[in-house]
Amino acid sequence: MNTAELEHFQHLIHQRLSELEAQSAAGQDAQSVVELDQQAVGRLSRMDALQNQAMAKAQQTRRDTEVHRLRTALTRMDEDEFGYCEDCGEPIAHGRLELDLAATKCVSCASG
Ligand SMILES: [Zn+2]
């Protein structure tokens, strides 16, 4: 992978990380609202609120996982390993990296 390609993916990773950060900030608001309103809202809407809270927590977990994977990808970039399969060492197809910036395996190793 050449420098321009690396910079392209690095840019995409940083962009995605700031998106996730913004979403986390918004999600944390959604999680705390429930606690504040717990006494005031009725039984049904409280169940809705708890359901929303559970969903917000699940989304947060997914975001945390993605942030971790993207940070790992940046570390692999520093070590010149980004874009290479961690199993067989072959280059990972660019189309695959566009879809999953944090992919660490080529298609055949990931499916095998
Ligand atoms: Zn491979």
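Every read-out reported here was derived from the displayed coordinates using simple, explicitly stated rules and does not represent laboratory data. Model, not experiment: these values are computed from the prediction. Virtual Cβ from ideal backbone geometry, glycine too; neighbours counted across all protein chains shown.
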Assuming residue 47 fulfils every condition listed in (1) more than 15 Å from the ligand (Cβ to nearest atom); (2) within 15 Å of residue 6 (Cβ to Cβ) apart from one, which condition is it? (2)
Does region 84-106 contain any residue that is farther than 18 Å from residue 14 by Cβ and of a type in the set (S, T, N, Q)? yes
Can you tell me which residue in region 62-106 is nearest to the ligand (Cβ to nearest atom), limited to those that are in contact (Cβ under 8 Å) with a residue 24 or more places away in the chain and in contact with a Cys (Cβ under 8 Å, 6 or more places away or on another chain)? 85
